[in-house]
Amino acid sequence: MEEKKYTILVSGASGVVGYGILKSLNGLSCKLIGTTIYEESPADCFADIVEHPPLTNSSQYIPWLINTIEKYSIDMIIPAIEADMSMWNIHRETLKETGTKVLLNNPELISLCLNKWEFYRTLNERHFKYCINTSVIQDFHYFTKPFIIKPMCSYGSKGVVLVEKEEEFQKYKDEIGKSLVMQEYVGNADEEYTASAFFNSESVLKAYIIMRRKLSPMGYTEFAEVVFIDEVVEIICELADILKPIGPTNFQFRRHNGQWKLLEINPRISSSTSIRKEFNYNESAMSIKYFLGGEEVEQPKIRKGKAIRYIEDFVLYDSDIV
């Protein structure tokens with residue numbers, strides 16, 4: 001039987017997550033549509049068609065997206081940036097009415113992951129012992145120094161401030177509990193781990209990969225090494241019991257004084273996806289086969305190894321004439 005050719009739209013196609021998803025789908029029988037607000041981007045190198053949407057927060061965005069879905073008879077849309085995931089989650093039912101599959105996690109989990117204080121409170125109330133101590137109390141002496149101040153709603157380590165002196169704390173004090181939270185500083189960058197997992201519609205863990213990593217200054221994975229840690233898998237299953245994730249979900253941990261600490265959860269495909277694919281973990285392909293093809297996901301045989309990211313040039317010539 002001939003394999004069905006699906007049409008897939010990936011948003012944020014000019015970023016490392018977006019073109020990572022497109023690269024991961026290049027081996028499948030898919031028509032790939034990338035969207036980006038940038039006229040100059042690498043999206044053309046990985047997508048069959050590139051479309052330029054209005055800004056995600058504009059009133060024209062959702063009508064534009066619906067029109068694009070209908071124009072290309074798109075089978076699945078995949079968000080590669082936080083803003084799109086959030087906006088699609090708000091308009092989830094409207095987008096589903098088009099007949100496309102919207103690759104979104106559990107709506108409650110998405111909302112929870114967008115608010116660091118509510119995220120901490122929810123896990124703390126369930127006595128999850130791997131939380132990083134977090135507070136909205138405006139007290140410089142609440143944590144030992146140094147500690148972290150970060151936006152209540154942010155992603156990718158954006159807006160994080162390491163506080164050691166009270167003078168610096170005073171700059172942010174009035175916004176703590178409103179737009180900022182305080183957090184214990186844990187571990188070091190050499191003890192950071194990213195674990196990606198795929199859950200079925202009943203939130204049962206079906207596949208996973210764990211990597212020790214180092215971050216670039218931009219907040220994405222720069223170096224990664226595949227590791228196998230049973231305790232991390234157990235923690236992920238415990239979190240799944242509490243939070244009920246569906247589909248591709250990314251968990252980030254650090255080791256602190258010999259203990260595992262959960263940094264955050266990204267309830268979507270994350271920036272290491274193209275690296276994971278090279279070690280035989282292709283969550284984009286899993287999503288298409290499970291949600292569109294009705295195939296069960298099974299744990300792939302993960303290859304061992306290391307990966308290093310580097311800058312690469314893609315050149316688009318005006319013609320073949322020298």
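The values are calculated or read from the model by the stated rules, or taken from the named source; none is laboratory data. These figures come from a predicted structure and were not determined experimentally. Cβ: placed from backbone, ideal geometry, glycine included. Neighbour counts: every protein chain shown. Just the protein is used for accessible areas: all its heavy atoms, side chains included, with ligands, DNA and RNA removed. Shrake-Rupley method; radii C 1.70, N 1.55, O 1.52, S 1.80 Å.
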Residues that are open to solvent by 30 Å² or more (accessible area, probe 1.4 Å), touching a helix residue (DSSP H, G or I) at 6+ places or on another chain (Cβ under 7 Å) and among the polar types (S, T, N, Q), drawn from the stretch 125-179
Q138
Matching residues in the stretch 57-74 - criterion: being open to solvent by less than 40 Å² (accessible area, probe 1.4 Å), in contact (Cβ under 8 Å) with a residue 40 or more places away in the chain and either touching a helix residue (DSSP H, G or I) at 6+ places or on another chain (Cβ under 9 Å) or at positive phi (or both):
I69, I74
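Among the residues of the stretch 256-300, write down those that are of a type in the set (D, E, K, R), closer than 21 Å to K5 by Cα and either under 18 Å from the mean Cα position of the chain (by Cα) or open to solvent by less than 20 Å² (accessible area, probe 1.4 Å) (or both). Spell out how you get there, then give the answer.
From the stretch 256-300, those of a type in the set (D, E, K, R) are 261, 264, 268, 276-278, 283, 289, 295-296, 298; that's our starting set.
Next, only the ones that are closer than 21 Å to K5 by Cα stay: 277, 283, 289, 295-296.
Listed by number, the residues that qualify are K277, E283.
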Which one of these is over 27 Å from E225 (Cα atoms), in a loop (DSSP other than H, G, I, E, B) and of a type in the set (D, E, K, R): K145, K129?
K145
In the stretch 103-119, how many residues are surrounded by fewer than 21 Cβ atoms within 10 Å (Cβ to Cβ) and more than 15 Å from K244 (Cα to Cα)?
4
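State the number of residues belonging to the stretch 174-212 that are part of a helix (DSSP H, G or I), out of contact with any Leu (no Cβ under 7 Å at 6 or more places or on another chain) and over 24 Å from N124 (Cα atoms). Step through it out loud before you land on a result.
Initially, the stretch 174-212 is screened for residues part of a helix (DSSP H, G or I), giving 174-175, 189-191.
Those left that are additionally out of contact with any Leu (no Cβ under 7 Å at 6 or more places or on another chain): 174-175, 190-191.
Now restrict to residues that are over 24 Å from N124 (Cα atoms): 174, 190.
The total comes to 2.
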Checking T35, T7 in turn, the sole residue that is modelled with pLDDT of 95 or more and surrounded by 19 or more Cβ atoms within 10 Å (Cβ to Cβ) turns out to be T35
Between a residue in the stretch 80-92 that is under 19 Å from V16 (Cβ atoms) and any residue that is assigned to a helix (DSSP H, G or I) and not aliphatic (A, V, I, L, M), which pairs come within a Cβ distance under 8 Å, given they are 6 or more apart or on different chains?
A80/G18; A80/G20; I81/G18
Flagged in the stretch 29-61 as under 21 Å from the mean Cα position of the chain (by Cα) and assigned to a helix (DSSP H, G or I), in numbering order, are A43, F46
Residues satisfying the stated conditions in the stretch 301-322, i.e. surrounded by 11 or more Cβ atoms within 10 Å (Cβ to Cβ), more than 20 Å from the chain's Cα centre (by Cα) and of a type in the set (A, V, I, L, M)
I302
Of the conditions (1) β-branched (V, I, T); (2) under 26 Å from L215 (Cβ atoms); (3) in contact (Cβ under 8 Å) with a residue 24 or more places away in the chain; (4) open to solvent by less than 30 Å² (accessible area, probe 1.4 Å), T122 clears all except one; give me its number.
(4)
Among the residues of the stretch 227-247, write down those that are in a strand (DSSP E or B) and open to solvent by less than 10 Å² (accessible area, probe 1.4 Å).
G247
